[in-house]
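Here's the structure, in structure tokens; my notes come after.
The values are calculated or read from the model by the stated rules, or taken from the named source; none is laboratory data. Keep in mind the model is a prediction, meaning the values are calculated, not measured. Quick reminder, even Gly has a Cβ in these numbers, built from the backbone with ideal geometry, and neighbours come from all protein chains shown.
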Amino acid sequence: MAAASPLAACLRSLRAVVLDTDGVITDSARLHAAAWQEAFDACLAAAGGQRPFDPAADYLRYVDGRSREDGAAAFLASRGLALPLGSPGDPPGTGTVRAVAARKDALFTALLDARGVTAWPGTVRLLAALRGERVPCAAVSASRHATELLTRARLLDAFGAVVDGNEAARLGLPGKPDPALFLEAARRLAVPAADTAVVEDALAGVEAGRRGGFGLIVGVDRTGGRYRAGQLRRRGADVVVSDPGDLLMPGTR
């Protein structure tokens, strides 16, 4: 008799899984939030009378899951700061959207070097179970640091494809909530979107999965509150879990 699958029932009929990187695979969302906080607060201080960036609420609402430029533009617009876009080579600063994005990237790189990054244990267990079931996986990220993060976390070999911000720029792919990143990942795994699951913690990413016609959208809510879970469901999550390890059967988590 064949051994029972360790995967939860919602995953068993699917042929591939695409996972977001920051916050789902690696515990790096906190580093992104801290870097954004310092980069944005410099702009807000220059504007005068602005409350500081909230690394929890503002991060989740405006920048989580988005490209650096899209996230910077969205948050600054929310505070009424109409900075010019700037040029691709703008150095780190506060005068343009691209300068703010460059400042955030420099801060993130410094934090990554100082603090390092680890993988979420529940996700590691899920990846091991998927490998045992011969289900191919891909990692997706709006960040250009995804491959570095996965390498540092010693998980790069777990993925048949990585589609990150570098690949998005090279291929001209729009960012989330457009499904292009996820669809490219599924294409590289040679599995149709309808037979692929997306595991995401960002609202923009969940919406991207739904718009891409993926077979299952799993929202990851690490906040532990019903408000965030409801947001994920409204954007299109079929299932919401507190950790990807919850996608394993009891006894294998």
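Some observations on this one:
- Selection within segment 69-90: residues that are acidic (Asp, Glu) and more than 18 Å from Asp201 (Cα to Cα). The member of this set that is nearest to the chain's Cα centre (by Cα) is Glu69.
- In this structure, Gly23 qualifies as touching a residue at least 40 places away in the same chain (Cβ under 8 Å), in the same structural domain as Arg152 (by TED's automatic domain parsing) and on the phi > 0 side of the Ramachandran plot.
- Residue within segment 81-101 that is outside the structural domain of Leu203 (by TED's automatic domain parsing), surrounded by fewer than 16 Cβ atoms within 10 Å (Cβ to Cβ) and within 17 Å of Asp54 (Cβ to Cβ) present: no
- Qualifying residue in segment 51-58 (condition: among the charged types (D, E, K, R), free of Cβ contacts under 8 Å to residues at least 24 places away in the same chain and within 30 Å of Arg188 (Cα to Cα)): no
- In the condition set (1) closer than 26 Å to Pro179 by Cβ; (2) not assigned by TED's automatic domain parsing to the domain that holds Ala186; (3) not small (Gly, Ala, Ser), Gln37 is compliant with all but (1).
- Among residues that are part of a helix (DSSP H, G or I), of a type in the set (Val, Ile, Thr) and surrounded by 15 or more Cβ atoms within 10 Å (Cβ to Cβ), Val135 is not included.
- The helices (runs of 4 or more DSSP H) found wholly in segment 159-253 and carrying at least 1 residues that are aromatic (Phe, Trp, Tyr) and at pLDDT 95 or above occupy 180-189.
- Taking the criterion of being farther than 21 Å from Ala106 by Cβ and either among the charged types (D, E, K, R) or outside the structural domain of Arg188 (by TED's automatic domain parsing) (or both), the residues of segment 145-163 that qualify are Arg154, Asp157.
- Cβ-Cβ contacts under 7 Å between residues 6 or more apart (or on different chains), taken from a first residue in segment 137-151 that is closer than 18 Å to Arg30 by Cβ and of a type in the set (Gly, Ala, Ser) to a second residue that is buried (at least 24 other Cβ atoms within 10 Å of the Cβ) and at pLDDT 95 or above, are listed as Ser141/Asp20; Ser141/Thr21; Ser143/Thr21; Ala146/Thr21; Ala146/Ala139.
- Residue, surrounded by the fewest Cβ atoms within 10 Å (Cβ to Cβ), within segment 234-250, restricted to residues that are closer than 21 Å to Arg12 by Cα and without any contact (Cβ under 8 Å) to a residue 40 or more places away in the chain: Pro250
- Filtered residue count, segment 74-108, keeping only those that are in a helix (DSSP H, G or I) and either of a type in the set (Phe, Trp, Tyr) or over 19 Å from Ala45 (Cβ atoms) (or both): 5
- All of (1) in contact (Cβ under 8 Å) with a residue 24 or more places away in the chain; (2) farther than 23 Å from Gly48 by Cα hold for Ala114 with one exception: (1).
- The combined condition, being over 18 Å from the mean Cα position of the chain (by Cα), of a type outside the set (S, T, N, Q) and either in the same structural domain as Ala142 (by TED's automatic domain parsing) or closer than 17 Å to Arg12 by Cα (or both), is fulfilled by Ala194.
- Residue match in segment 26-43 (condition: of a type in the set (D, E, K, R), assigned to a loop (DSSP other than H, G, I, E, B) and over 29 Å from Gly122 (Cβ atoms)): no
- Residue in segment 56-68 that is basic (Lys, Arg), over 20 Å from the mean Cα position of the chain (by Cα) and either surrounded by 20 or more Cβ atoms within 10 Å (Cβ to Cβ) or over 26 Å from Leu247 (Cα atoms) (or both) present: no
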